[in-house]
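K.L.:
Sharing a structure, written as C-alpha cells. Questions coming.
The values are calculated or read from the model by the stated rules, or taken from the named source; none is laboratory data. Not measured: the values here are computed from a predicted model. Positions of Cβ are generated from backbone atoms using ideal geometry, with glycine treated the same way; all protein chains shown enter the neighbour counts. The area values use the complete protein model at the heavy-atom level, side chains included, leaving out ligands, DNA and RNA. Shrake-Rupley method; radii C 1.70, N 1.55, O 1.52, S 1.80 Å.
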Amino acid sequence: MSRNELPDLREEVDEINLQILSLLNKRAEIVQEIGEQKKKGVGVNRYDPVRERESLDLLMKHHEGPFEASTIQHIFKEIFKASLELQEDDNRKALLVSRKAQPDNTLVDVNGVKVGDGEQRFIMGPCAVESYEQVKEVALSLKDQGLTMLRGGAFKPRSSPYDFQGLGEEGLKILKDVADETGMSVVSEILTPQDVEKALDYVDVIQIGARNMQNFELLKAVGRVNKPVLLKRGLSATIDEFINAAEYIMSQGNDQIMLCERGIRTYEKATRNTLDISAVPILKKETHLPVIVDVTHSTGRKDLLVPTAKAALAIGADAIMAEVHPDPAVALSDSAQQMNIPESQEFLKELNPSLNLNLAKSM
Ligand SMILES: C=C(O[C@@H]1C=C(C(=O)O)C=C[C@H]1O)C(=O)O
C-alpha cells in the first residue's frame with residue numbers, strides 16, 4: 001500500500017458511512033410510518049418475527065460476502081431491534097404521564113404541601129388502623145417531628161383471608177378525626193371503585209395498593225375524582241406496567257398522582273421484597289410525577305430502614321413512606337417491620353436533621 005492510499009480509502013469509507021447513515025434514517029422514517037399503521041390496527045403486534053424472518057431470508061438470498069452470513073444476520077437483527085424500539089418510543093411519547101408530554105415536574109398538592117417541589121418529605125403512620133388511641137398517639141408524635149402526612153390502613157388486603165382485614169369505614173372515621181385534631185393529612189388505601197366516593201369525605205390522598213396496581217376499574221374510578229392518588233408498584237410489575245397504570249388514572253383527568261416504589265418480588269430472601277432503587281431515577285426521568293419509596297414494605301426489616309431511606313433520598317425520591325406503631329409487638333399486621341415511636345424519632349433525626357433544626361428554631 002502506498003502512503004497516500006490509506007487516506008483515500010478512509011475517505012471512501014467515510015463516504016459509505018454517510019450513505020449507510022442516510023439509508024438507516026430513511027429506513028427509520030418508514031418504520032415509524034409502519035408503527036403508526038400498526039397503532040390503528042386492532043390486535044396488530046409491533047414485533048413481527050415472521051416478517052423479520054422473511055427479511056433475513058431475502059437478504060441471505062442476495063448475500064455474497066465477504067462478510068459471514070451470520071455477521072450480516074446479526075447486524076440486521078440489531079437494526080430490527082432498534083426499529084422496534086423506535087416504534088415503542090413513538091408510542092410512549094403519547095403517554096400523558098411521560099416527561100415527553102410534560103417536561104416540568106407535577107406538584108401534588110396535599111392540603112398545601114406540594115409533593116414534588118424538591119423538598120424531601122415523610123409519610124408515616126401505622127400499617128393498619130386498630131383504634132383511635134393507637135392512631136392518635138402515633139399522629140401526635142409525628143406531628144411533633146414536623147410531619148404533615150399520616151398513613152394508616154382501614155381496608156387491608158392481606159395475603160391470607162383469615163388475617164385482620166382492617167376496620168373499614170370505621171377506620172377511615174378514626175383517621176379523619178385524628179387528622180382534624182392534629183391538622184395532618186390522611187393517606188389511606190381504597191380497595192374498590194364503590195368505596196372511592198365514600199373515601200372522599202375521609203382521606204386527603206387515596207392510596208392504591210400494590211395488589212391493585214392493575215385493577216383497571218379502580219384506577220379509572222380514582223382518575224375521575226378530584227383527589228391526590230398514591231399509586232404503589234405491583235408486586236411483580238415492570239416499570240413499564242407501573243407507568244401504564246398511572247396513565248390509566250391520568251387518562252381520566254386526575255393528574256395528581258404520586259408513584260410509590262415498594263419493592264418487587266425476586267428470588268432474594270434476605271429482605272421481604274427487593275427494593276428496586278434504580279426505579280426511582282428511571283421513573284423521575286420517564287414521568288413528571290413525584291416518586292416515593294416505601295422502605296417498610298420493600299425491606300420488611302427495621303435494621304434496613306435508615307440506609308434504604310438514605311439511598312432513596314440520595315437517588316432522588318421526593319418522599320419516604322415508613323410504618324410506625326405504638327406497640328409493634330401486638331400490631332394486628334406487619335408487627336416485625338413497624339418502628340415503635342422512639343425508633344421513628346431516631347429514624348427521622350438521622351434522615352432529616354433540618355426537620356429537627358426547624359422545630360428547634362420554632363420552639
Ligand atoms: C417495521 C416493522 O416492525 C418491526 C421491525 C421490523 C424491521 O425493522 O424490519 C420488522 C418487523 C417488526 O418486528 C414491520 O412490521 O414491518
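K.L.:
Excluding residues fewer than 8 places away in the same chain, name every one of the lysines whose C-alpha is closer than 26 Å to that of LYS39.
P.N.:
LYS26, LYS77, LYS81, LYS93, LYS100, LYS220, LYS285
K.L.:
If you count only protein heavy atoms with a 1.4 Å probe, what accessible area per residue comes out for the chain, rounded to a whole Å²?
P.N.:
Working: 18970 Å² over 363 residues.
Heavy-atom SASA per residue in the chain reads 52 Å².
K.L.:
Multiplying the sequence separation of SER160 and PHE76 by 0.36 nm and subtracting their Cα-Cα distance, what value in nm do you get? Could the numbers behind the result be given before it?
P.N.:
Details: separation 84, 0.36 × 84 = 30.24 nm, distance 5.05 nm.
Working it through step by step, the gained length comes to 25.2 nm.
K.L.:
Give me the net charge of THR308's neighbourhood, meaning all other residues with Cβ under 13 Å from the Cβ of THR308; Lys, Arg count +1, Asp, Glu -1.
P.N.:
In short, 0.
K.L.:
In deg cm²/dmol, rounded to 500, what helix-only [θ] at 222 nm does the chain give when every DSSP H run of at least 4 residues adds -39500 (n - 2.57) and the total is split over its residues?
P.N.:
Working: 13 runs with 173 residues, N = 363.
That comes out to -15000 deg cm²/dmol.
K.L.:
Could you pull out which residues in region 285-306 have an amide N less than 19 Å from a spot 7 Å beyond the Cα of ALA336, following the Cα-Cβ vector?
P.N.:
Those under the cut-off are 295-306.
K.L.:
Take the chain, mark every one of the chymotrypsin sites (Phe, Trp or Tyr not before Pro) that falls in a DSSP loop and has at most 10 other Cβ within 10 Å, then report the longest stretch left between them, sites excluded.
P.N.:
Maximal segment without exposed cleavage sites: 1-161.
K.L.:
Estimate the FRET efficiency between ASN45 and ASP117 by the formula 1/(1 + (r/R0)^6), using the beta-carbon distance for r and 25 Å for R0, to the nearest 0.05.
P.N.:
Efficiency, from the Cβ-Cβ distance: 0.05.
K.L.:
OK, next. Which ³J(HN,Hα) values, rounded to whole Hz and listed in residue order, are derived for region 314-325 from phi using the Karplus coefficients 6.51, -1.76 and 1.60 in 6.51 cos²θ - 1.76 cosθ + 1.60 with θ = phi - 60°, glycine and proline given as x?
P.N.:
Here the 3J(HN,Hα) series is 5, 8, x, 5, 7, 7, 10, 10, 8, 9, 10, 9 Hz.
K.L.:
If packing is taken as the average number of other Cβ atoms within 10 Å across a peptide's residues, how do 331-337, 227-233 rank, most packed first?
P.N.:
Details: 331-337: 18.0, 227-233: 24.3.
In descending order of packing, they fall as 227-233, 331-337.
K.L.:
Which whole-Hz ³J(HN,Hα) couplings does region 282-287 yield from phi under the Karplus relation 6.51 cos²θ - 1.76 cosθ + 1.60, θ = phi - 60°, glycine and proline marked x?
P.N.:
Those phi angles translate into 5, 5, 5, 6, 7, 10 Hz.
K.L.:
Give me the net charge of ALA331's neighbourhood, meaning all other residues with Cβ under 11 Å from the Cβ of ALA331; Lys, Arg count +1, Asp, Glu -1.
P.N.:
Once positives and negatives cancel, what remains is -4.
K.L.:
Can you pull the percent of the chain's accessible area that's carbon plus sulfur, 1.4 Å probe, other chains left in place?
P.N.:
C and S atoms contribute 52 percent here.
K.L.:
Assuming a ≥ b ≥ c are the square roots of the Cα gyration tensor eigenvalues, decide whether region 89-198 counts as rounded (a/c under 1.5), prolate (otherwise, with a/b larger than b/c) or oblate.
P.N.:
oblate
K.L.:
Between ARG151 and residues 5 or more places away or on another chain, which pairs have amide H atoms under 5 Å apart, with H built 1.01 Å from N, and which residues are they?
P.N.:
MET124, GLY125, VAL187
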